Amino acid sequence: MTAMPPSPRSLRAALERTTRTPGHERYILRLYITGLTARSSRAVNNLRAICDEYLDGRYDLEVIDIYQQPALTKGEQIIAAPTLIKKLPLPMRRIIGDMSNREGVLLGLDLVAGPRGAHR
């Protein structure tokens with residue numbers, strides 16, 4: 001008796017389990033800054049240090065200067081800068097500030113346990 005090929009539903013479920021497995025998720029991040037200010041530079045440096053330590057090549061970081069590219073803020077509801085938006089993995093999150101509150105950034109990126117989460 002030959003084995004039946006997996007159904008598209010079971011393949012999709014297996015793919016979702018793999019991409020949700022801690023250590024395999026790809027992070028899509030957008031950091032909105034305002035020019036070359038000290039606060040913007042701190043935000044970029046702090047965020048890159050955190051990503052290099054905790055995400056080790058599993059992230060795409062796009063830094064957007066809202067003065068240079070205001071059209072890219074459309075639909076993002078940017079009310080303060082610097083603002084980090086974690087697009088993926090879901091849920092989407094926003095973190096405002098220079099990213100110097102390391103624990104807050106880690107929590108916002110779902111990299112440490114919150115009240116009901118587990119460390120990734």
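Table: residues versus (1) modelled with pLDDT under 90; (2) polar (S, T, N, Q); (3) surrounded by 14 or more Cβ atoms within 10 Å (Cβ to Cβ); (4) over 14 Å from TYR27 (Cβ atoms).
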| position | (1), (2), (3), (4) |
| --- | --- |
| ALA81 | no, no, yes, yes |
| LYS86 | no, no, yes, no |
| MET92 | no, no, no, no |
| ASN101 | no, yes, no, yes |
| ARG116 | yes, no, no, yes |
| ARG120 | yes, no, yes, no |
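Looking at this structure, is GLY75 surrounded by fewer than 16 Cβ atoms within 10 Å (Cβ to Cβ), more than 27 Å from HIS24 (Cβ to Cβ) and at pLDDT below 95? It is true that GLY75 is surrounded by fewer than 16 Cβ atoms within 10 Å (Cβ to Cβ), more than 27 Å from HIS24 (Cβ to Cβ) and at pLDDT below 95.
When region 45-84 is filtered for residues that are closer than 17 Å to LEU106 by Cβ and in a helix (DSSP H, G or I), the ones remaining, listed by number, are ASN45, ASN46, LEU47, ARG48, ALA49, ILE50, CYS51, ASP52, GLU53, TYR54. The residue of region 13-38 that is surrounded by the most Cβ atoms within 10 Å (Cβ to Cβ), among those that are over 20 Å from the mean Cα position of the chain (by Cα), modelled with pLDDT of 50 or more and not β-branched (Val, Ile, Thr), is GLY35.
The values are calculated or read from the model by the stated rules, or taken from the named source; none is laboratory data. The shown structure was predicted, so the numbers you read here are calculated from the model rather than taken from an experiment. Virtual Cβ from ideal backbone geometry, glycine too; neighbours counted across all protein chains shown.
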